[in-house]
1. Compute the FRET efficiency between residue 118 and residue 87 as 1/(1 + (r/R0)^6), taking r as their Cβ-Cβ distance and R0 = 22 Å, and round to the nearest 0.05.
2. Could you work out how far apart the two model spin labels at residue 20 and residue 96 are, taking each label as a point 7 Å from the Cα in the direction of the beta carbon, and quote it in nm?
3. With a cut-off of at most 12 other beta carbons within 10 Å, and DSSP calling the residue loop, which GluC sites (Glu not before Pro) in segment 89-130 qualify? Please list them.
4. For a label point 7 Å from the Cα of residue 110 along Cα→C-beta, name the residues of segment 59-94 whose backbone N is under 20 Å from it.
5. Could you pull out every residue, at least 5 positions away or on a different chain, whose amide H is within less than 5 Å of the one on residue 56? Hs are placed 1.01 Å off N in the peptide plane, and Pro or chain starts have none.
Amino acid sequence: MKLGTYSNLIASVVLGASFIGGCLIVASSKEDASPAIVQPAVSSPAGYESPWDKPLLTIDAAAGYLGIPQGQLEKILSAERALRMNSGVTNALPYIVVEGRIYISKAALDNWVLEASMAGRTYVNEKIVN
């Protein structure tokens, strides 16, 4: 009985040390890794195009690209449109309208995200509060 208790204790210590060592290895490898664009591990099937591969995104595709609901992006667009009209700000979220449909340039969207993030913009009820 005493031998079994010591065996369990030793096994627990070895397991704990292995877990901590593994965590340290993973943490150090993440610090050393430079940020990179994540590429899909599997190529797209023939004939399949991701909506994010196109230079212009629909509202739905842009919302998916940003990882937010479409309704939230529409509210942000409304706030940005008011900002552009009222104050003539030129770094508002860029979009074009073609036959009544709104399209957003993917490259300009990336730039806008960076600028809005650096400015710390806050959107509340279709308004920019700062």
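Each value in this text was obtained by applying a stated rule to the coordinates, not by laboratory testing. Nothing here was measured: the structure is a model prediction, and the numbers come from that model. Note that we place each Cβ from the backbone using ideal geometry, even for glycine, and neighbour counts take in every protein chain shown.
1. E between residue 118 and residue 87, to the nearest 0.05, is 0.75.
2. For residue 20 paired with residue 96, the spin-label model returns 6.0 nm.
3. 99
4. Those under the cut-off are 59-68, 91-94.
5. 106
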